[in-house]
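The values are calculated or read from the model by the stated rules, or taken from the named source; none is laboratory data. All values reported here derive from a predicted model rather than from experimental measurement. With ideal geometry, Cβ positions are generated from the backbone for all residues, glycine too; neighbour counts draw on all protein chains shown.
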Amino acid sequence: NQRVKNKVAVITGAGSGIGRAAAMKLAEHGAKIVLVDLLDERSEKTRQAIRDAGGEAIFADTDVSDPARVEQAMQEAAKQFGGIDILFANAGVNGTLAPIQHLEPEDWDRTLGVNLKGTFLSVKYALPHMTARGGSIVITSSINGNRKFTGFGMSAYSASKAGQVAFAKMAALELAHHRIRVNAICPGAIETNIGQNTHPTPEVNDIKIPVIYPEGNQPLERRAGHPNQVADLVLFLASDESSHITGTTVYIDGAESLL
Ligand code: NAD
């Protein structure tokens, strides 16, 4: 039973972690996949894995904070597959972690540029290829910035993630008449490669205060979540099974944010 059969899905940050898991899952359920990520052999591996499993996928190397490149990537998607039905705006970085007085304006701009502006650009440039057919947009926010505020030194990250939820709600209302649904997901700690895009400064240790459970020790499973668990939620929100769900925020964190 293929739940997104013949839909065209653009996935940003598709080379790794949650994006990769979602790309594999949506492909398994019949979607044609456009992998959007920075140029990296990991995206090629994802593309190959989808093709090996009998699916269709192309790769558009793109920095999501670059408007011209994002516009081009969406055009490539539409040219290859005839339009866009599903956008998973998921690319993101933790960026520089520092107390506010040590956080440089350019660090702030970079984190907001990828996470928040990147989301806006992905939606903006996907829309010309979506409005005629309707569809589903899923945005990866985080519990950090919405329900949990113990990501020490993550003020820029948290602001970007809160911004994504607000943006998703505005977009849901604005795009309803095109039959485009927009939802945000808020994962807790998930086992991915995001640590590679995390740059703690020494000063961040000054603001760490003890927490009840160590990071990632969520109540339900006592471990970080798996990207596949998030991909199951993305598949549901991308498919017609969630046809009456828009403008909402779904927490997927094993109750981590309730601690
Ligand atoms: P990841 O690092 O494994 O994957 C992120 C992908 O985004 C990478 O392939 C990376 O190359 C890509 N990317 C980074 N900057 C980019 C840019 N400028 N343009 C295009 N692609 C870019 O991390 P992940 O954990 O899978 O992260 C996916 C999303 O999930 C992010 O938005 C992150 O904030 C969010 N998230 C992650 C966690 C977690 O614990 N891992 C928790 C909550 C939210």
Conditions (1) touching a helix residue (DSSP H, G or I) at 6+ places or on another chain (Cβ under 8 Å); (2) aromatic (Phe, Trp, Tyr); (3) more than 18 Å from Ala162 (Cβ to Cβ): number failed by Trp108:
(3)
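Hey, does segment 50-71 have a residue that's among the hydroxyl-bearing types (Ser, Thr, Tyr), in contact with a strand residue (DSSP E or B) (Cβ under 7 Å, 6 or more places away or on another chain) and without any contact (Cβ under 8 Å) to a residue 60 or more places away in the chain?
So far as segment 50-71 goes, yes, one or more of its residues are among the hydroxyl-bearing types (Ser, Thr, Tyr), in contact with a strand residue (DSSP E or B) (Cβ under 7 Å, 6 or more places away or on another chain) and without any contact (Cβ under 8 Å) to a residue 60 or more places away in the chain.
Could you please find all residues in segment 43-73 being over 17 Å from the mean Cα position of the chain (by Cα), under 16 Å from Ile11 (Cβ atoms) and part of a helix (DSSP H, G or I)? I'd like the intermediate steps shown before the answer.
Of all residues in segment 43-73, those over 17 Å from the mean Cα position of the chain (by Cα) come to 44-45, 47-58, 67-69, 71-72.
Restricting the remaining residues to those that are under 16 Å from Ile11 (Cβ atoms) gives 44-45, 47-51, 53, 55-58, 69.
Selection gives Glu44, Lys45, Arg47, Gln48, Ala49, Ile50, Arg51, Arg69.
Let's see how each residue does on (1) touching a Lys or Arg at 6+ places or on another chain (Cβ under 8 Å); (2) more than 23 Å from Leu38 (Cβ to Cβ); (3) among the acidic types (Asp, Glu); (4) within 16 Å of the ligand (Cβ to nearest atom):
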position	(1), (2), (3), (4)
His102	no, yes, no, no
Glu106	no, no, yes, yes
Asp109	no, no, yes, yes
Leu121	no, no, no, yes
Met130	no, yes, no, no
Gly135	yes, yes, no, no
Ile139	no, no, no, yes
Phe152	yes, yes, no, yes
Ala156	no, no, no, yes
Where in segment 78-163 are there strands (runs of 3 or more DSSP E), lying fully within it, with 1 or more residues that are without any contact (Cβ under 8 Å) to a residue 60 or more places away in the chain?
135-140
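Working only within segment 242-259, note down all residues that are aliphatic (A, V, I, L, M) and part of a strand (DSSP E or B). Steps first, please.
Of the residues in segment 242-259, the ones aliphatic (A, V, I, L, M) are 245, 250, 252, 255, 258-259.
If the condition is that a residue be aliphatic (A, V, I, L, M) and part of a strand (DSSP E or B), then Val250, Ile252 are the ones that fit.
Can you name every residue in segment 169-203 that is among the hydrophobic types (A, V, I, L, M, F, W, C) and either within 13 Å of the ligand (Cβ to nearest atom) or part of a loop (DSSP other than H, G, I, E, B) (or both)? Explain how you work it out, then say what you get.
Going through segment 169-203, the residues among the hydrophobic types (A, V, I, L, M, F, W, C) turn out to be 170-173, 175-176, 180, 182, 184-186, 189-190, 194.
Result: Ala184, Ile185, Cys186, Ala189, Ile190, Ile194.
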Kindly provide the set of residues from segment 1-46 that are surrounded by fewer than 21 Cβ atoms within 10 Å (Cβ to Cβ), basic (Lys, Arg), more than 9 Å from the ligand (Cβ to nearest atom) and more than 20 Å from Ile185 (Cα to Cα), ordered by number.
Lys5, Lys45
Quick one: Pro214 ticks every box in (1) within 24 Å of Val114 (Cβ to Cβ); (2) more than 10 Å from the ligand (Cβ to nearest atom); (3) at pLDDT below 95 except a single one, so which number is it?
(1)
